[in-house]
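Here is the structure we will look at.
Quick note: the coordinates plus some simple rules give every number you see, no bench work behind them. All values derive from a computational prediction rather than experimental measurement. Glycine also receives a Cβ, built like all others from the backbone with ideal geometry; neighbour counts cover every protein chain displayed.
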Amino acid sequence: MEMMRLKVGDYGEYCYIVSEEEKGRALIFDPGGHPDEIIDYIDNNGLKPVAILITHGHHDHISGLEEVRDYYRVPVYMHPLDVPKLALAGQREPDILIEETGKVYAIDGFKVRMEHVPGHSAGSVIYFFDDENFAICGDVIFKGSVGRTDFEDGDFETLMRGIERYLSPLPDDFILMPGHAELTTIGEEKKENSFLNGHIQFKHGKFVWVEHPDKDWFKHQEF
Ligand SMILES: [Fe+2]
């Protein structure tokens with residue numbers, strides 16, 4: 001299995017392309033902009049997309065969706081709770097609603113476990129490739145941080161419960177591929193990420209930091 005990520009759109013969102021070597025079948029995750037570049041990469045490498053999977057409906061993850069889906073004519077997977085965001089962006093509905101999460105979907109030979117992990121967005125999904133030891137996480141978690149929860153349908157405690165339930169139990173070397181910035185592993189985040197190692201806590205509606213060595217650290221973060 002091969003993996004490529006392309007930085008697209010205004011906010012440096014990563015579109016991931018997972019492909020298998022033998023027949024070049026490919027899954028496209030979050031075509032969030034620059035559809036021409038995504039299509040060029042896929043065509044120049046002889047890949048054959050079989051589906052598009054959306055982690056959530058924020059515009060920086062879906063802005064290139066219409067062009068890419070029209071070009072390849074493959075089904076689009078998405079959680080139903082984020083479908084209204086597609087309509088707001090003037091885009092068509094997905095083809096397959098991920099109504100049933102927690103199960104492994106077989107898509108043309110790919111095995112993908114889909115889990116609903118809301119909190120950053122109501123319909124956020126993490127796509128797990130358990131046999132290959134990685135997951136495509138959207139904006140649930142980042143290296144050193146977690147997703148924003150100040151949108152209308154966001155909720156910090158919900159987000160953290162999802163991370164605790166679905167990511168914390170993974171083996172330390174399990175690779176997390178977020179929608180922005182660097183790749184990481186769950187082991188690294190459990191050690192270094194202040195939201196997971198207990199240095200930052202959410203109390204009485206506010207973030208507070210506990211025992212962080214740099215007292216100004218919190219002031220410079222954006223959540
Ligand atoms: Fe987002």
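Odds and ends about this structure:
- Rounded to 5, the percent of DSSP beta bridges in region 50-165 classed as antiparallel: 80 percent
- Mean projection area, nm², convex hull over Cα of the chain: 12.0 nm²
- Helical contribution to [θ] at 222 nm, DSSP H n ≥ 4, -39,500 (n - 2.57), averaged over the chain, rounded to 500: -4500 deg cm²/dmol
- Within the chain, percent of DSSP bridges classed antiparallel, to nearest 5: 70 percent
- Close Lys pairs in the chain (alpha-carbon distance under 12 Å; sequence gap of 8 or more, or different chains): 4.
- Region 94-215: C-alpha gyration tensor shape, a/c 1.5 cut-off, then a/b vs b/c: oblate
- The peptide list 164-177, 112-125, put in order of mean Cβ contacts within 10 Å with the highest first, becomes 112-125, 164-177.
- Listed peptides 148-157, 9-18, 54-63, 97-106 by packing density, highest first (mean Cβ within 10 Å): 54-63, 9-18, 148-157, 97-106
- Selection of GluC sites (Glu not before Pro), region 167-202, meeting DSSP coil and at most 12 other Cβ within 10 Å: 182
- Potential extension, residue 23-residue 97 segment - 0.36 nm per residue separation minus Cα distance: 24.0 nm
- When the Cα gyration tensor is reduced to axis lengths a ≥ b ≥ c, the ratio a/c is 1.5 or higher for region 51-114, and with a/b not above b/c it is classed as oblate.
- Principal-axis tilt of helix 35-44 within the chain, Cα atoms, nearest 10 degrees: 60 degrees
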